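Colleague: Quick one: this structure, given as structure tokens, is what I'll be asking you about.
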Amino acid sequence: MAQKTIAGQAVDVNDEGYLVDASQWSREIAAEMAKEEGIDLTDKHYEVLEFLRNATEKGETLTIRKVGKSGITDIKGLYALFPKGPLKLSSKFAGIPKPASCV
Amino acid sequence: MANNENPLKKVCIICAKGTIEDVYATLVMANGAVMEGIEAKVFFTFFGLDAITKKQMNKIKTATVGNPAMRAPGGLPFPTILGIIPGVEAGVSAMMKSSMEKLDIPPVDEFLEMITAGGGEIYACKLAMDMFKLEKEDLWDEVKAVLTVGDFYAMCGGEGTQIIFT
């Protein structure tokens, strides 16, 4: 675990850069994390992030299938929003732990 | 944990069998690859073609005969002789599919759509198609092409590529 300053805020991250404490998250932190990966967050991105954060809070296991059925975007859209990491990158930007599911 | 020096960039997966476990092993690995940003090319051959044949793709089953790892719920023994009773194979297969659905693992057609949505590519083996007298129209619409083994190998080049035979 390490301390890192993202968007002017000191947060705890693990060695893969995921926030350790989801309550330290802010929209600005998400934007800066995404920028590091070359992604500019739009409202659609934030809708997905909110969905992931809410589902995680409820203790649900996340899958891309679940996000694809959320009504926010389909799976193809999810790949377009978060290229090469539809669930891994989106979870990172959402400040939640790295997904532990295989689908 | 991660090996950053030689990351895996592409997987070429071959599926030659048509049981639930063989087909799903293939689909989970292919989908898992595209979710990690790894290119995936999946080649279905022999009985594996059932997974991409419109008529069969959502009817695949697991073998209840000749499968020593097969057990009844609760880990009770499942004598092979029970497996030959009509309807047992279908019942067991339905149970397996419902356990998978609970884990959010989709039916074959939807799983294939998830893979192609992520840029994964699905191919069929020409030799096996000829053998089973199948035409391109019999296959799932998003099958990219029918290939010879040489065509397949030609796609499997490049650094950080692995061929996986499920």
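Colleague: Kindly check whether there is at least one residue in segment B:33-51 that is touching a Pro at 6+ places or on another chain (Cβ under 9 Å) and either farther than 29 Å from B:Ile163 by Cα or more than 14 Å from chain A (Cβ to nearest Cβ) (or both).
Modeller: No, segment B:33-51 has no match at all.
Colleague: Given the residues A:Ile75, A:Ile96, which is the only one that is touching a Ser or Thr at 6+ places or on another chain (Cβ under 7 Å) and either closer than 21 Å to B:Glu36 by Cα or modelled with pLDDT under 95 (or both)?
Modeller: A:Ile96
Colleague: Right, another one. Starting from segment A:32-47, keep only residues that are under 21 Å from A:Lys4 (Cα atoms) and in contact (Cβ under 8 Å) with a residue 12 or more places away in the chain, then list their pairs with residues that are assigned to a helix (DSSP H, G or I) and aromatic (Phe, Trp, Tyr) whose Cβ atoms are within a distance under 7 Å, requiring at least 6 positions of separation or different chains.
Modeller: Every condition considered, the pairs that remain are A:Met33/A:Phe93; A:Ala34/A:Phe93.
Colleague: B:Asn58 versus (1) under 21 Å from A:Ile64 (Cα atoms); (2) within 14 Å of chain A (Cβ to nearest Cβ): which is the lone unmet condition?
Modeller: Of everything listed in (1) under 21 Å from A:Ile64 (Cα atoms); (2) within 14 Å of chain A (Cβ to nearest Cβ), B:Asn58 misses just condition (2).
Colleague: Quick one: in segment A:58-74, which of the residues that are without any contact (Cβ under 8 Å) to a residue 12 or more places away in the chain and under 17 Å from A:Ala94 (Cβ atoms) is surrounded by the most Cβ atoms within 10 Å (Cβ to Cβ)?
Modeller: Selected residue: A:Gly68.
Colleague: OK, next. Could you name every one of the strands (runs of 3 or more DSSP E) located completely within segment B:61-166 that has at least 3 residues being over 16 Å from B:Gly18 (Cβ atoms)?
Modeller: The qualifying strands (runs of 3 or more DSSP E) are B:145-147, B:161-165.
Colleague: While we're looking at this one, here's another question. Cβ-Cβ distance below 7 Å, separation of 6 or more or different chains: which pairs start in segment B:11-23 with a residue that is more than 19 Å from B:Gln162 (Cα to Cα) and end on one that is of a type in the set (Val, Ile, Thr)?
Modeller: Partner pairs satisfying both residue conditions: B:Gly18/B:Ile60; B:Thr19/B:Ile60; B:Thr19/B:Thr62; B:Ile20/B:Ile60; B:Ile20/B:Thr62; B:Glu21/B:Thr62.
The values are calculated or read from the model by the stated rules, or taken from the named source; none is laboratory data. Everything quoted here is computed from the prediction, not taken from an experiment. Heads up, the Cβs are rebuilt from the backbone with ideal geometry, glycines too, and the neighbour counts pull from every protein chain shown.
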